[in-house]
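FYI, it's all coordinate maths here, none of it is from the lab. Since the structure is predicted, the reported quantities are computational estimates derived from the model, not experimental observations. Here the Cβ positions follow ideal geometry from the backbone for every residue, glycine too, while neighbour counts run over all protein chains shown.
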Amino acid sequence: MLSGKRIILGVTGGIAAYKAVFLLREFQKAGAEVRVTMTPSATRFVGLDTFASLSGHEVAIDIFPEDSDSTDWTRHIYWGEWADLFVIAPCTANTLSKIAHGTADNMLTSTVLAARCPLLICPTMDGEMYESPSVTDNLKTVQEFGYHVLEPEAGFLASGLEGKGRLPEFDVILEKADEIIGSIEGPLAGKKVVVTAGPTREYIDPVRFISNPSSGKMGIAMAEAALRLGAATHLIHGPIHVPHPEGVTTESIISAEDLFKAIQNHQDADVIIMAAAVSDFTPSTTHQHKVKKDQGSSSIDLKRTQDILAWLGERKLEGQTLIGFAMETENLIDNATSKLKKKNIDWIVANSLSEAGAGFEVDTNVVHLISPSDSLQLKGSKLEVATAVLGHIFKK
């Protein structure tokens, strides 16, 4: 169950923090992608560079880091949308108390409040702390919240005493994590989701065509996010070189006309996400053979392609959700909002080619998610953005 899953590993300031390094590796061996958030006191036991190197991601510690980008303070929101499971191991009595009372004074505790995924707490502490009335009450409180608690094991403790407070063995933690993830039913469970991705090609002759630089990365990310939310996901894509997510059925197309025909076969989908960069125009005539330079015209006669999103909006089924995309170079919000209304769709994801870290071919995106009654900006990797988009639209 852990293969392909996304896990946040929270590490707090106890002596067992060093064990979290090996736990990270065990999650990775099981096929999970792991990101780490630490409390400031945890860095006294293990250097953050260790976790950053092993996870391949920057470690989140402070809400307002002095040496990072000004938007990093929102990381807890994106990570909270991104994760399938949040594991805090070890969890000290201090952090347990903060979680029980809703305190958000560092990135770890802030991410707890923002997380949409299940939370697994592995409390570890010394002496009689685990049996104290306050810890007992806090454990009861977090379980009433719906959080999962894995009791510590008894044995030899850092103080030299013996008692209950040791971090459970890694296989026990992985087994519990596997059990939790296996019991999750996503908000799109039982739904059919169709996603379009990549460019279309409108051929002039057998060797020349009109197209655009779309890599399909955003559409692929939307398909993967839908799959992770439990949907039966079908991806219709133009010519792309991005790997398909495992578990997603796929269908390849070339032209806007091909895409229109494919969409007609899936018009009954519960959710249709039109992330493909579809050509608005196609040559009126396609030549059967390569047009020689000395025989060709200096102009090409074009005709409009089928407006697939508008066609879907005109035939929108009851209970169906239509999500469009808008790539703009100016007046982003106004143009996207106009498109939303004109096409009769539920949501539109708008981004600008002029904004750094957004647009074609890059791995990140900055988008505005817009509906007739809602609007918010999302930023991050394309998978993080896709996860946040669908998490917002289909939140339970």
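GNM, the chain, Cα, under 10 Å: largest mean-square fluctuation among ALA356, ALA83, ALA277?
Result: ALA356 has the largest fluctuation of those listed.
Out of all DSSP beta bridges in the stretch 132-237, what portion is antiparallel? Express it as a percent rounded to 5.
If we restrict to bridges inside the stretch 132-237, about 55 percent are antiparallel.
Take the chain, connect every pair of alpha-carbon atoms lying under 10 Å apart with a spring to form a Gaussian network, then pick out the residue of VAL207, VAL142, VAL11 with the largest mean-square fluctuation.
VAL207
Skipping prolines and chain starts, which residues have an amide H placed within reach, meaning under 5 Å, of the one on GLY380, given they are 5 or more residues away or on another chain?
ASN365
Suppose only helical runs count, i.e. DSSP H with n ≥ 4. What mean residue ellipticity at 222 nm does that imply for the chain under -39500 (n - 2.57) per run, divided by all residues and rounded to the nearest 500 deg cm²/dmol?
That calculation yields -9000 deg cm²/dmol at 222 nm.
Using the 10 angstrom Cβ neighbour count as an exposure proxy, how do LYS382, LYS316, LYS341 rank, fewest first?
LYS341, LYS316, LYS382
Could you tell me which GluC sites (Glu not before Pro) in the stretch 258-351 are loop residues by DSSP with no more than 13 other beta carbons within 10 angstrom of their beta carbon?
When the GluC sites (Glu not before Pro) of the stretch 258-351 are filtered for loop state and at most 13 Cβ neighbours within 10 Å, GLU318, GLU330 remain.
Pop out the ³J(HN,Hα) list for the stretch 329-346 in order, Karplus 6.51 cos²θ - 1.76 cosθ + 1.60 with θ = phi - 60°, rounded to Hz; leave Gly and Pro as x.
For the stretch 329-346, the Karplus-derived couplings read 10, 7, 6, 4, 5, 4, 5, 5, 5, 4, 5, 4, 6, 5, 8, 6, 10, 8 Hz, x marking Gly and Pro.
Quick check for me: using +1 on Lys/Arg Cβ and -1 on Asp/Glu Cβ, what's the dipole size of the chain about its Cα centre, in debye to the nearest 20?
1080
I want the antiparallel fraction of DSSP beta bridges within the stretch 6-182, as a percent rounded to 5.
Of all bridge pairs located within the stretch 6-182, approximately 20 percent are antiparallel.
Tell me, what is the FRET efficiency for THR50 and GLN267 to the nearest 0.05, using R0 = 51 angstrom and their Cβ-Cβ distance as r?
0.50
Taking other Cβ within 10 Å of each residue's Cβ, how do ARG201, ARG228, ARG25 sort, fewest first?
ARG25, ARG201, ARG228
Need one number: % antiparallel among DSSP beta bridges in the chain, to the nearest 5.
About 35 percent, rounded to the nearest 5.
Starting from the 7 Å offset along Cα-to-Cβ, what nm value, one decimal, do you get for the label separation of THR136 and GLU251?
6.1
In sequence order, what are the phi-derived ³J(HN,Hα) couplings for the stretch 368-382 according to the Karplus relation 6.51 cos²θ - 1.76 cosθ + 1.60 with θ = phi - 60°, rounded to whole Hz, with x for glycine and proline?
10, 8, 10, 10, x, 10, 8, 7, 7, 9, 10, 9, x, 5, 4
Which Cα, out of GLY190, ALA100, THR250, lies furthest along the positive dipole direction of the chain (beta carbon charges, K/R +1, D/E -1)?
Highest projection toward the positive end goes to THR250.
Toward the positive end of the charge dipole of the chain, about the Cα centre and with charges on Cβ (Lys, Arg +1; Asp, Glu -1), which of PHE325, VAL36, GLY13 goes farthest?
After comparing all options, I get PHE325.
So if I restrict to the alpha-carbon atoms in the chain, what is the Rg, and what is Dmax, the biggest pairwise distance, in Å?
Every Cα atom of the chain included, Rg and Dmax give 24.9, 92 Å.
Taking H as built 1.01 Å from N, whose amide H comes closer than 5 Å to the amide H of THR250, not counting residues under 5 places away?
LEU235
Would you mind checking which residues have amide H under 5 Å from THR321's amide H? H placed 1.01 Å from N; only 5 or more apart, or other chain.
VAL271, ILE272
Taking +1 at the Cβ of each Lys and Arg and -1 at the Cβ of each Asp and Glu, which of PRO199, ILE236, ILE220 sits farthest along the dipole of the stretch 191-268 towards its positive end, judged by Cα position relative to the Cα centre?
After comparing all options, I get ILE220.
How many percent of Cα pairs in the stretch 6-182 exceed 29 Å?
13
Among SER298, SER55, SER279, SER284, which comes first, then next, by fewest other beta-carbon atoms within 10 Å? Don't jump to the answer; show the numbers that get you there.
Working: SER298 4, SER55 19, SER279 22, SER284 9.
Fewest to most other Cβ atoms nearby, the residues stand as SER298, SER284, SER55, SER279.
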